[in-house]
Structures are given as C-alpha cells and as structure tokens.
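Readers should treat all values here as calculations from the given coordinates under stated rules, not as data from a laboratory. Values in this document were obtained by computation on a predicted structure and should not be read as measured data. With ideal geometry, Cβ positions are generated from the backbone for all residues, glycine too; neighbour counts draw on all protein chains shown.
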Amino acid sequence: MSTSIQKITKSDQKVALSSIEELSKSEREAKKSKLNVVKIIFQGSDEVVTIPLKALKLLKSILSNMAEGKSIALLPTDAEISTQQAAEILNVSRPHVVKLLEKGEIPFKKVGSHRRILLHDILDYESKFKKKRRKQLDKLAQNAQKLNLGY
C-alpha cells in the first residue's frame, strides 16, 4: 500500500470551498427526487458521468476537508495496514497497538514476523473505544452533578 500525501494549497482550498455548495445542491435535488445516482458534466466537454449518490457524498467530504486545509487519505476498508499505521490512526504508540493485538482486542495476522491488521478492524476498535469512553465520561459527569462538585 503506497500513500502520497500532498499539502493543500490556498488555491486548492478556495476551489474546494466554492465547489461544496454546488455539490450540496445536487445532493439535495437527488434526495428530493429519490435518486441514487447523480450526473456530472465536465467543463469544456459534453461528457456526462453518472456516479452513485454515495460517491457524491464522499467527494463532498473530501472537498470539505480540503477547504479546511486538511490533507486526506483514502483507503479501502479491507486494506491491510502495519502496526505503525494503526498507531497513527488511533493516535497512540506502536507498542500500545502491539499490546492490544497480543491481548486479542484487535484481530490481526502475521506475515513472517510482521503483524498486519485489516483497516476495518482498526476502525471498529476505534468506534467501540469512543463509545465506551463517552459512556464513562457521561457517568463521571452524572456523579459529579450528584455530588454537587460544581461542573
């Protein structure tokens, strides 16, 4: 898996920002008409491309991130990633990811001496972790209110 990360320029941000509203209009019209596809016409050409509405939503998300100056990376969810890449996604250290793997909290396979993790398994773990953390924070907030701690 190779990735190419390029810095978003101010010019890219302006173009992305101006495109978002048009894509939003197209999305609203498609939803109103109960269509699952949209047609895109390329400037300076008569060529029309039909894409799924889900692809339009993804394109809008990409442009929103670009408008904010954020770099993005797209990977298929069935892609295999390294422990270092998993650590970067989870924003933790690589040794912590290895501990999670060895504890069985995230499924993985070994290729030689290297561990490989399916991207969707990392995303599932991250989602479950966030839900668990939110639940615990809500519980702490409730206890603080019951004890009248002032927050």
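Cross-link partners among lysines for residue 135, C-alpha distance below 18 Å, same-chain residues fewer than 8 apart left out?
Within the straight-line cut-off, residue 135 pairs with 146.
Add +1 for every Lys or Arg and -1 for every Asp or Glu among the other residues with Cβ under 14 Å from the Cβ of residue 12, and state the total.
+3
Please report how far the C-alpha centroid of segment 91-106 lies from that of segment 24-77, rounded to the nearest whole angstrom.
36
Quick check: net charge around residue 83, other residues with Cβ under 14 Å of its Cβ, Lys/Arg +1 and Asp/Glu -1?
Numbers: positive: 94, 99, 103, 109, 110, 115, 116; negative: 80, 88, 102, 105, 121.
Neighbour charge sum, excluding residue 83 itself: +2.
Between residue 25 and residue 46, take the C-beta separation as r, use R0 = 22 Å, and let me know the FRET efficiency to the nearest 0.05. Before the final figure, lay out each step's value.
Numbers: r = 22 Å, r/R0 = 0.98.
Once rounded, the FRET efficiency stands at 0.55.
So which of 70/132; 7/132; 10/54 end up more than 30 Å apart, counting from Cα to Cα? It would help to have the intermediate numbers written out before the result.
Values: 70/132 28 Å; 7/132 34 Å; 10/54 27 Å.
7/132, as the Cα separations exceed 30 Å there.
Taking 0.36 nm per intervening residue step and subtracting the Cα-Cα distance, what contour gain separates residue 116 from residue 53 on full extension? Please list the in-between numbers first.
Details: separation 63, 0.36 × 63 = 22.68 nm, distance 3.23 nm.
In short, 19.4 nm is gained.
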